[in-house]
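Inspection log for the structure reproduced underneath, given as structure tokens.
The values are calculated or read from the model by the stated rules, or taken from the named source; none is laboratory data. What you see is a predicted model, and the numbers here were worked out from it, not measured in a lab. As a convention, Cβ positions derive from the backbone with ideal geometry for all residues, glycine included, and neighbour counts pool all protein chains shown. Quick note on the areas: whole protein, heavy atoms, side chains included, nothing else; ligands and nucleic acids left out. Shrake-Rupley method; radii C 1.70, N 1.55, O 1.52, S 1.80 Å.
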Amino acid sequence: MTFAIALSCKADLGTSPISSVPWVLSMCTPLSVGLLTIIMNFVFIALQPLLLRAFYWRELMGQVILTVPFGYSIDFFMWVLQDINPKTAAAKWAACLLSIVILAFGVFLEVRAKIFFAAGEGLVNVVTFITRRKFSLIKNGFDITLVTISVVISLLEFGGLRGVGLGTIAAAVLVGRMIYIYETYLHFFDKWKVKA
């Protein structure tokens, strides 16, 4: 997932929705996108018990444990991909679409594993539980909300769009749809489910 996030940044069409807020903020603060992701994820973790009106130690502690390496892993992959700079529109879109496919598959596997969620998916899962809607549908709404926040920050800080673009919109729409496709067709993962 963090590789996909870094790849979406390198595509230079606007990063994935889950990283759009940290990416835009990293352009107007001295903090890295990874560190800002850590901060944002801690906010997501804090929101979950408030929405559920209950405190589930195992799930929340798992997210806390994953949050720091998740954020720094984004910075690591940004470093790994530092020499990858697609120049043509075709190359940029290829990188963008590949990042969407990889990110959606990572989210799908994470949800399927039912061990720990990353904080963003943890919050989506809580909203899914409360609203009794499909995870993929709530994920779409969550991503669109993050993109809207990013656009507002970008307009306020720069007077135009920076760090948000057509690639961000594509990811906001397609990640949830790709998860739905994985949920619908990749049934061979069902045999690995843990019996409750």
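Data overview
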item	result
Complete set of residues in segment 146-196 that are under 27 Å from residue 27 (Cα atoms), modelled with pLDDT under 90 and among the charged types (D, E, K, R)	162
Members of segment 152-165 found to be assigned to a loop (DSSP other than H, G, I, E, B) and open to solvent by 60 Å² or more (accessible area, probe 1.4 Å), listed by number	159, 161, 162
Condition met for residue 43 (farther than 21 Å from residue 111 by Cα, modelled with pLDDT of 90 or more and β-branched (Val, Ile, Thr))	no
Filtered residues of segment 95-116 (kept if within 23 Å of residue 61 (Cβ to Cβ) and among the β-branched types (Val, Ile, Thr))	107, 111, 115
The listed residue being closer than 22 Å to residue 21 by Cβ, open to solvent by 30 Å² or more (accessible area, probe 1.4 Å) and touching a Ser or Thr at 6+ places or on another chain (Cβ under 9 Å), out of 169, 149	149
